[in-house]
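The values are calculated or read from the model by the stated rules, or taken from the named source; none is laboratory data. Only a predicted model underlies this, so the values are computations on that prediction, with no experimental measurement involved. Positions of Cβ are backbone-derived with ideal geometry, glycine not excepted, and every protein chain shown enters the neighbour counts. Just so you know, the surface numbers come from the protein's heavy atoms only, side chains and all, with ligands and any DNA or RNA stripped out. Shrake-Rupley method; radii C 1.70, N 1.55, O 1.52, S 1.80 Å.
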Amino acid sequence: MLSFVDLAKPRNLSENLYYITFLSMSLEKRKRLYDIIKSDDSWKGKNTGVYYTNLYAHHTQWTMHKQYPEFKELTIMIDNYICHSVCQIPFSYETKESWGGIYGKDDYAQKHSHEPNLWAWCYYPFAPEGSSPLCFHRSMIDHDGKEESVYPSDNLLVIFPGHLLHSVPKSTIDQERVVIAGNVYLPLKPFGD
């Protein structure tokens, strides 16, 4: 059980702009996730108004983890990773939204953040060599003054604070870059529940 003493000894998370790890998702499960994403065309042509998205590529709807057990399994794994490896504070983090995207040649994501969510994540079931990077645009820069970038590869998970601005440059390769993304929050429950 978490006590006030635990909260009085906060861990410094500011050393990292993002956290990366590799998941041990089997090829069969990754192919299944790909098939689900590929078959969902609910966002086709919906880049305006209430349907707005920052992703200019094939995009699924926002609550894939509520409809598909494969997505739910992934979000539970990531929520637990955030709790035990990133934050190391035993709160119950929960993925609120999850969606999939498939980038083809010339597809991209414009600069955006995931505020007001506490954390955001990107998991790459498939990311061939030469895939466009995930670029971060705020405060943390390398010694050359360039934005910090993460180059995806198969099974890579990237977790970052929801307020960080990020984007994906236009894809220059013919192979598909597959991503599943999510927003994580800390569900607040009434005291004593």
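Looking only at region 60-97, residues that are open to solvent by 50 Å² or more (accessible area, probe 1.4 Å) and of a type outside the set (Asp, Glu) come to 17 in all. Which of the following residues is among the basic types (Lys, Arg) and assigned to a helix (DSSP H, G or I): 105, 66, 96? Criteria check complete, one pass: 66. Does at least one position in region 37-54 carry a residue that is under 20 Å from residue 135 (Cβ atoms) and either part of a loop (DSSP other than H, G, I, E, B) or at pLDDT below 90 (or both)? Checked against the condition, which is being under 20 Å from residue 135 (Cβ atoms) and either part of a loop (DSSP other than H, G, I, E, B) or at pLDDT below 90 (or both), region 37-54 yields at least one hit. Pairs meeting the criteria (first residue in region 110-131 and at positive phi, second residue open to solvent by less than 30 Å² (accessible area, probe 1.4 Å) and not acidic (Asp, Glu), beta carbons under 8 Å, at least 6 apart or on different chains) are 130/173. Residues of region 98-123 that are at pLDDT below 95 and open to solvent by 50 Å² or more (accessible area, probe 1.4 Å): 108, 110, 111, 115, 116, 118.
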